[in-house]
Amino acid sequence: MDLMKTHSVRTIFLCLALAACICLFTACSPVLKVAVATDGSITYSVESSVSPLIEDTVRSFTGAGEELPLFNKAQILQALKSAGLSFVGVETPSTSSLIVSARIEAVSPQTAPVMKLSDGSVCQDMVQQVSGAIGYFHSSEVGGRKLVLTISPQVLQQVMDIMPLETAEYLDLLSAPILTGEQLSASEYTDLISIVYGGSVAQELESAKVKILVTAPSAVQSASVSHAAGTAHTQGRYVEFTLGLPELLSNLGRIEFTVVY
């Protein structure tokens, strides 16, 4: 398997999944930043930094030498554009950190595809490459504006489908229940990681949290996350969601992060 190709396609996974599956193997605490403009366009970025312990584990597992960066900026950028994403930016502040950003233009209500939410309501499907990942609803009569970020096995399967087979097989080695469909609790999945990669890696996974920061164009009315272990804190136009990475990776249903403003 070509090592650089593996790294670049893994980063497609980081960007498109939009939240916590961003670092399945590196067990880092990814941060997703989403900003909604007044015209309905959305910009988002994924920030990830690998700890020294996890970096050593990744290099040992993949055979990458210490002199080789974990992320190749040029190849990552090309891979994301090849997947059909536009307005993409890639930064690598260090050999073990990564920032991927993109912009989604506002979609006309008359032409936008729709997606159904868990409560039965529908909204605009903002990312055609990964249907169901980002939903946007605008009504001056009912509920104002609503942004919904979704992570589910179905969303991630679409990400897997655009990957080369060899990379999909590589990710299968991680045995994350959200990818395999296996019924495991968060603690059982952490125990599995401990067996495969060691107790220290499992401890970092156990303490890792996914953070999603949302900036709305006006004051936030409410914010919620559908997973019982998730939290949502609002202040003015800002929302901070958090969810443990093991809880996300072991979840077999839909996790919706919802902001109403």
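Read the figures in this text as sums done on the coordinates, not as results from a lab. This structure is a prediction, so every number in the text was calculated from the model and none was measured. Positions of Cβ are backbone-derived with ideal geometry, glycine not excepted, and every protein chain shown enters the neighbour counts.
Obtain the nm distance between the two label points defined at Tyr238 and Ser41 by a simple spin-label model: each point lies 7 Å from its Cα along the Cα-to-C-beta direction.
Distance between label points: 2.3 nm.
So, counting K/R as plus one and D/E as minus one, what does the shell of residues with Cβ under 15 Å around Tyr261 add up to?
+1
With θ set to phi - 60° and the Karplus curve 6.51 cos²θ - 1.76 cosθ + 1.60, what are the ³J(HN,Hα) couplings of the stretch 247-254 in order, to the nearest whole Hz, using x for Gly and Pro?
5, 5, 5, 9, 8, 9, x, 8
List the residues whose amide H sits under 5 Å from the amide H of Ala133, counting only those 5 or more places along or on another chain, with H placed 1.01 Å from N in the peptide plane.
Here Val127 satisfy the definition.
Kindly write out, for the stretch 218-225 in residue order, the coupling ³J(HN,Hα) from the Karplus curve 6.51 cos²θ - 1.76 cosθ + 1.60 (θ = phi - 60°), rounded to whole Hz, with x marking Gly and Pro.
Result, rounded to whole Hz: 9, 4, 7, 7, 7, 8, 8, 10.
Test of understanding: what is the full-extension gain from Ala74 to Ile195, defined as 0.36 nm times their sequence separation minus their Cα-Cα distance?
Result: 40.1 nm gained on full extension.
Through the Karplus equation 6.51 cos²θ - 1.76 cosθ + 1.60, θ set to phi - 60°, convert the phi angles of the stretch 121-138 into ³J(HN,Hα) values in whole Hz; use x for Gly and Pro.
After applying 6.51 cos²θ - 1.76 cosθ + 1.60, I find 6, 10, 8, 6, 8, 8, 10, 5, 5, 9, 4, x, 7, 10, x, 9, 10, 9 Hz.
Check which residues have an amide H placed less than 5 Å from Arg145's amide H, if you skip close sequence neighbours.
Ser139, Tyr261
Each label point is 7 Å from the Cα along the Cα-to-Cβ direction; what then is the distance between the points at Gln221 and Ser60, in nm?
Spacing of the two 7 Å Cα→Cβ label points: 5.2 nm.
Under a 5 Å amide H to amide H cut-off, with H placed in plane at 1.01 Å, what residues pair with Ala208 once short-range neighbours are removed?
For Ala208, the qualifying residues are Leu245.
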